[in-house]
Each structure stands twice: as C-alpha cells, then as structure tokens.
Amino acid sequence: MNRQRIRFLFGVLLLWTGVLQTTFAASAADKWPDGTTIPSWLADTTRVDPSSLGRRYVVTRHGVCRDSTLIQTSQLQAVIDLAAREGGGVVVIPRGVFLSGSLFFRPGTHLLLERGARLKGVDDIRHYPLLDSRMEGQSLKYFAALVNGEGLDGFTITGPGTIDGNGLRFWEEFWIRRRFNPDCTNLEAMRPRLVFLSNCSNVHVQDVHLINSGFWTNHLYRCHHVKYLGCTIYAPHEPADSKAPSSDALDLDVCHDVLVHGCRISVNDDAVVIKGGKGTWADKDPRNGPSYNIIIQQCKYGFVHGCLTLGSESLHDWNIILRDCQVDQASRVLWLKMRPDTPSTTSAWSSSGSRATVAASLPSDHGLSSISPSTVRTCLYRNAMTSPFATSICIVAVSSTSGRPTNTACIISVSRICASASLTRLSSPRSSIRAKYTAAPSTVTLFCPARP
C-alpha cells in the first residue's frame, strides 16, 4: 500500500514538473529575439483532424489499383482533380504501395496516408515534368516534385503513412556523375524533390514519414503560417556510393511564420535551411526576399550536416529560434553558409575602402573595433563560446567584386540544445574561426537588429 502511494505521489510530482516546464517554456517563448511578441498561433501544436476537412476520396475506390509495380500517376491525379471539382476533400492513400510521378494538389484538397500506406515516387525523371519553379535561390525551369502545391490555403498532409521518394537510382547516378566530373553541380544531376509547396498559407504537415527523396526533401517557397508537427524526415548518409546527396530535410525559401515541432530528422545534408535568393543583385529581384519568424523546437536530430543552416542562398533572416532539441549525430548545430556574391541591406556594418567597421549595434564590450573584410567573414564576440548563456555572434562578410556588402542580417536564438560536444560545433564553413559547441544547457544568440 505504501509502495502504491509512493508511486502515485511520484507520478503526480512528474506531472506537475511537466506542467511547470511547459508553463516556463511558454512564458519564456512569448517574445522573439528582437523583442516583439510571438503570436499564439506558433504555440499551438494541435493536430488538424482530417475528418474535419471534408469528404474522403479513398483512391482504391476511384480506379487506383493495389499494385506496387504499376505506375498510376494519371489515376491518382484524377482522384485529386475529382475531389477539387466536387468542392474539395481528403485524398486517402490506404495501406499498400502506390507508384507515381508528380502529383499536383488543387485548392480545397488534402492528402491523408493511412497506416501502412506508401506513396512511392517513380525513379525515372521523365515522370516529373519540367516547369517554372525555384531551386537554389533562383527562379528557373526545374522538375516538379512528387507532391506539389501552388497557391493553396489550408493544405494538409497527414500520416501516419509514408511518402517515399525512392531515390536510390537518382543518388547512384549523381555519384557516378561526380566521379566522372568532380565539378558536376546539383542542377546538372536531374533529380526530383519530394514535396514542393509554393505561395501556400496555413499549411499543416503532420505525423507523416517523408523519406528517400531524390533531392531536397521538403522545399517551401513564399509560404507562410506553416506547421511541421511530429514528422519523420529521413534519407541515408551511407554507403558512400549510394548515400542521398543534398537531401535537405526542410528548405524555407522566402518564408515566414513557420513552426517545426517534435520532428525526427536524419538526412545526408542540412536539416532546416533558411534561404531567400542568391547573386550579386539578389536583393533587387522581387522573386527573392527575407525569411523570418521561424521556430524549430523539441526535434530530435540524427545524422545531419547542420541542425539549422543559413544559406547558402540566404538574404535577410531574423527572428529564428532553435530550442529544446536533442542532437545525436550532427556535424554542426548552427551553420552559417555565407556567399561572397550575395548582398543584403543592413546598417549592422559599413564599408569604407578596404575596411568594414562594426556599427553601434554591437555591445560596448565586444572587443572588436574594426575588421578587414578581405580576411574575416565571421567574427565571434569576445568569450562567445565560454559562457553557457547569452553568448553572441556578429557576422561580417567580405565585399563582393562589385564592392557591394555581402553580409546576412540576422536575429537568431539557439537555446537548450542537448548535444554531444565531440560531435557538434558552431561554425561558418568559410571562416578562419571554428569554435567547439559546448554541451547543453546553452544559448547562442545572433543579433544584428537592423532589418532591410
């Protein structure tokens, strides 16, 4: 009896501990790093109930066969189009393997993959049409993804089933090309992404397995109010001749108000990547732009190159928070991929001749007066990595050949990361400084408050 009472009291104590932790996290998270209030929408991790989204269109009831060897792109697309014509609804993939090329979801339609369901991509680029698209910070012709959405409001992808890019053939071909021509680029190796959403809002991707993408796994362009909740995002990082190259988990390209919560990520490249455009005149192109108001929290990282990466096609980024995550096998917690050819407009620094001077945005004890932009890209504040809390980094990049500034304005918070110090580091790939990342609890804040 006493043991039962002790167990009961211990359970109550654990429950209250969880409540207090949640309350503390919520109270601490109501402000962005720039001091503005985080909207309550970003604190809500409630799943969308697929039954509230309209009529169910189970694909096997509309001419799609349970045959894992049969390419059924047109049949699956016909179900999506039928749902759209009839006012919208949920396209349901039941248990089984369904092989397809590019699918295009229409306004009012949604995707539900039931337990044991697998939407599997064809491993032949001919089944992914070449369209006006967006890749690597450029607006250009590129291949459609397996799952595509353009201009959708309220689009939902729900698990617990799987979207499988079936990327092995694409990966092997990429490494053959790379061995034949070491200068072969990503765009020269013709590969499809897994999910591409463009100009979408109020998107929920929840409890789904997103795996084996031929190229980037999830690419969002000009999207806002997006939630990725409880997803598993995976692509293999070995063996060497068939690992998944450039299989970024989530590329946020000119996006804002995004929540990535409780996801499990292991890919052979970066995890969450912030993009916005590239090139000497990238800031003048209306198709490019900033990414901001992004939270990544309570995620678990397996093998990734960087848990949070800015670039390499990054323009203006602010209010980006990475917190309460577990990092098991990442090369870097935070990776700053600064491009010498891509400008941003910010008053965080000014250029005069061959020298760049840090402006008043730096604290008085930063220990830096002036920096030669020809030799230094990333400047760490004095004692940046020795204090476990409230450490800071200022990014100062070199000038391009045109003489235009090339730094990225950013306000970023990295906090409460549980990581192995031997496996993780905070660094810039082109910097002369590579600082070891100290084990949690730790907070790193990047702060350049001037916005474009």
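The values are calculated or read from the model by the stated rules, or taken from the named source; none is laboratory data. Small disclaimer: the values here were computed from a predicted structure and weren't measured. Methodologically, a virtual Cβ is constructed for each residue, glycine included, from the backbone with ideal geometry; neighbour enumeration extends over all protein chains shown.
Look at residue 163 and say whether it is among the β-branched types (Val, Ile, Thr) and closer than 17 Å to residue 91 by Cβ.
yes
Okay, residues lined up against (1) closer than 19 Å to residue 244 by Cβ; (2) modelled with pLDDT of 95 or more; (3) in contact with a His (Cβ under 7 Å, 6 or more places away or on another chain); (4) crowded, with 16+ Cβ neighbours inside 10 Å:
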{"residue": "117", "(1), (2), (3), (4)": "no, yes, no, yes"}
{"residue": "138", "(1), (2), (3), (4)": "no, no, no, yes"}
{"residue": "143", "(1), (2), (3), (4)": "yes, yes, no, yes"}
{"residue": "194", "(1), (2), (3), (4)": "yes, yes, no, yes"}
{"residue": "201", "(1), (2), (3), (4)": "no, yes, yes, yes"}
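Of the conditions (1) surrounded by fewer than 16 Cβ atoms within 10 Å (Cβ to Cβ); (2) in contact with a strand residue (DSSP E or B) (Cβ under 9 Å, 6 or more places away or on another chain), residue 185 fails just one. Which one is it?
Among (1) surrounded by fewer than 16 Cβ atoms within 10 Å (Cβ to Cβ); (2) in contact with a strand residue (DSSP E or B) (Cβ under 9 Å, 6 or more places away or on another chain), residue 185 violates only (2).
Within segment 300-309, can one find any residue that is in a loop (DSSP other than H, G, I, E, B) and touching a residue at least 12 places away in the same chain (Cβ under 8 Å)?
No, because not a single residue in segment 300-309 is in a loop (DSSP other than H, G, I, E, B) and touching a residue at least 12 places away in the same chain (Cβ under 8 Å).
Does residue 150 count as farther than 19 Å from residue 273 by Cα and within 19 Å of the chain's Cα centre (by Cα)?
Yes, satisfied.
To keep it simple, each residue is scored yes or no on (1) of a type in the set (Gly, Ala, Ser); (2) without any contact (Cβ under 8 Å) to a residue 60 or more places away in the chain; (3) in contact with a Lys or Arg (Cβ under 8 Å, 6 or more places away or on another chain).
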position: 132; (1), (2), (3): no, yes, yes
position: 137; (1), (2), (3): yes, no, yes
position: 147; (1), (2), (3): no, yes, no
position: 160; (1), (2), (3): no, yes, yes
position: 172; (1), (2), (3): no, no, no
position: 179; (1), (2), (3): no, yes, no
position: 186; (1), (2), (3): no, no, no
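Could you identify the single residue in 317, 257, 248 that is buried (at least 22 other Cβ atoms within 10 Å of the Cβ) and at pLDDT 95 or above?
When all the criteria are applied, what remains is 248.
Return the residues of segment 223-247 that are in a loop (DSSP other than H, G, I, E, B), without any contact (Cβ under 8 Å) to a residue 60 or more places away in the chain and under 13 Å from the mean Cα position of the chain (by Cα); say none if nothing qualifies.
Result: 223, single match.
Taking only segment 84-139 into account, find how many residues are closer than 17 Å to residue 165 by Cα and polar (S, T, N, Q).
The qualifying residues number 2.
Please state which one of 85, 47 is out of contact with any helix residue (DSSP H, G or I) (no Cβ under 8 Å at 6 or more places or on another chain), in contact (Cβ under 8 Å) with a residue 40 or more places away in the chain, over 23 Å from residue 122 (Cα atoms) and of a type outside the set (A, V, I, L, M).
47 is the lone residue from the list that is out of contact with any helix residue (DSSP H, G or I) (no Cβ under 8 Å at 6 or more places or on another chain), in contact (Cβ under 8 Å) with a residue 40 or more places away in the chain, over 23 Å from residue 122 (Cα atoms) and of a type outside the set (A, V, I, L, M).
Residue by residue through segment 177-207, note down the ones that are of a type in the set (Val, Ile, Thr) and in a loop (DSSP other than H, G, I, E, B).
185
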